[in-house]
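Right, I'll just put the structure down here and ask away after.
Every number here is computed from the coordinates shown, using simple stated rules; none is lab data. Predicted model, so just to flag it, every value in this text is computed and none were measured. Ideal geometry is used to build each Cβ from the backbone, glycine not excepted, and the neighbour counts take in all protein chains shown.
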Amino acid sequence: MGPAEALGVEVVYCPKPHETDLTALQLQPGATVRDALRASGVLQRHALEEGSLALGLWGRACTLDQALRA
């Protein structure tokens, strides 16, 4: 995947106050929130289920199927 094709994404999970888990990723255009969550490893690191999370993009609620864009 070349730089012009990559979509830079950061997945941030806050398990408790003053604690964050941030993972920077490069994903293909057309990737979804679900793709980013799975690629980040955050679900496995924190024993989370996809459907149990409150999700957001830039402070706005979103769904797992929301497409990511630059």
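In whole percent, what relative contact order does the chain give with Cα contacts below 8 Å and a gap of six or more residues?
That works out to 30 percent.
Let me know the longest stretch in the chain that avoids all GluC sites (Glu not before Pro) found in a DSSP loop with at most 10 other C-beta atoms within 10 Å.
Value returned for the longest uninterrupted segment is 6-48.
Still on this structure, please answer the following. Which cross-chain or sequence-distant (5 or more) residues have an amide H under 5 Å from the amide H of residue 55, H modelled 1.01 Å from N in plane?
62
Also: Quote to one decimal, in nm, the extra length available between residue 64 and residue 28 on full extension: 0.36 nm per residue of separation minus the C-alpha distance between them.
Value of the extension gain: 11.3 nm.
If you put +1 on each Lys and Arg Cβ and -1 on each Asp and Glu Cβ, how big is the dipole of the chain around its Cα centre, in Debye rounded to 20?
80 debye
Something else now. On full extension of the chain, what length is gained from residue 19 through residue 39, given 0.36 nm per residue of separation minus the C-alpha to C-alpha distance?
Length gained, residue 19 through residue 39: 5.1 nm.
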